[in-house]
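Contents: one structure, followed by commentary.
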Amino acid sequence: MAEVVFLAVAVAIGLGALGPGSGTPGGVATGAGLPLARTASGDRTVAASLARDLLETVRLPPGSVRVARAPDPTLSQPSQLSLSNDQVTLTEFWLVPQSTGAFERWTSVAPEAGLHAFEGGTGYDRAKVVEHFLAWQLERLPPGMISATVGYGFVGASPSHTALRVDVQVIWRPARSAGSLIPRSDHYAELKWEQLGTQVRSGVVAISDSNLLRTLIAQVNALPAVPGGVESCPAALLQTTLSFAHGQGRPANAVLSYSGCDQFTLTTPEGTVLLATGSVLPLELKLIRASGGS
């Protein structure tokens, strides 16, 4: 069983080392890799407007004809776009009067100003090319937007024509609701940590010092939300679970977990929200090191 370490006074880990303004409303210590406290959130209306604007800027070779549905079954689904709960996706289908090779050469000079290519490739089935895909991202995003992408999926419809699917996807940063904020009335927290590697180490830190709690609550409440969706990434070597409660022995009213993907999972009575981070919280890391971690 992991040993429980009680930290009753801030001096035990040197709270002053966090720097000026730590734990105060105007100067939350974000630490390396953590986003700014006042990151703007977006909404569907702005995202939809941006998606329409991007779709209207798509330039295709002369003679291209828009069609009502996918001109080839291969194009019935997008090839390389993300899945998120906070996104707008607009789709159009076209027949382009060029071979796939000629159209691919066209795309190398076609993107509008402000877009940069970030992805491209070819899909195969039993060594046979079944689809080409290209994608561009908008370089300068409006406040509250996380990404704006224009994606092409295309296949040969005939020796002289290309079937094209155009997807425009805009993802915005969701706002944090009041129910996702840790109440300042919480007077107790418990940090469970596990460090993976050649030798697995773990520990539990019980936190009742008011200064430590204020700093932890401020750091958690400063984190912006991130869109939910399907994501796969390696597990973090350092994993944590931070529980908040009104007092020792009371049920937890918020649980903050970190296992990788550069995001926390925060569970409250309102539900679950994902929060952006580059790693564990700066104060969490200090607490872990004080209790035997590295």
If packing is taken as the mean number of other Cβ atoms within 10 Å per residue, what is the order of 160-166, 139-145, highest first? 160-166, 139-145
For Gln248 and Arg140, calculate 0.36 nm times their separation in residues minus their Cα-Cα distance, and state this gained length in nm to one decimal. 34.1 nm
Accessible area (Å², 1.4 Å probe, nearest 10) - Glu194: 80
For Glu270 and Ala102, extending 7 Å from Cα along the Cα-Cβ vector and measuring point to point gives, in nm, a value of 5.6
Beta carbons within 10 angstrom, averaged per residue: use that to sort the peptides 57-70, 96-109, highest first. 96-109, 57-70
Length gain on complete extension for the stretch Ser259 to Ser160, per 0.36 nm per residue less the alpha carbon to alpha carbon distance? 30.6 nm
How much length is gained on full extension from His116 to Ser210, taking 0.36 nm per residue of separation minus their Cα-Cα distance? 29.0 nm
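The values are calculated or read from the model by the stated rules, or taken from the named source; none is laboratory data. Note that this is a predicted model, so its numbers are computed, not measured. Cβ coordinates were reconstructed from backbone atoms using ideal geometry, including for glycine residues, and neighbour counts include every protein chain displayed. Heads up: the accessible areas ignore ligands, DNA and RNA and are worked out on the full protein's heavy atoms, side chains in. Shrake-Rupley method; radii C 1.70, N 1.55, O 1.52, S 1.80 Å.
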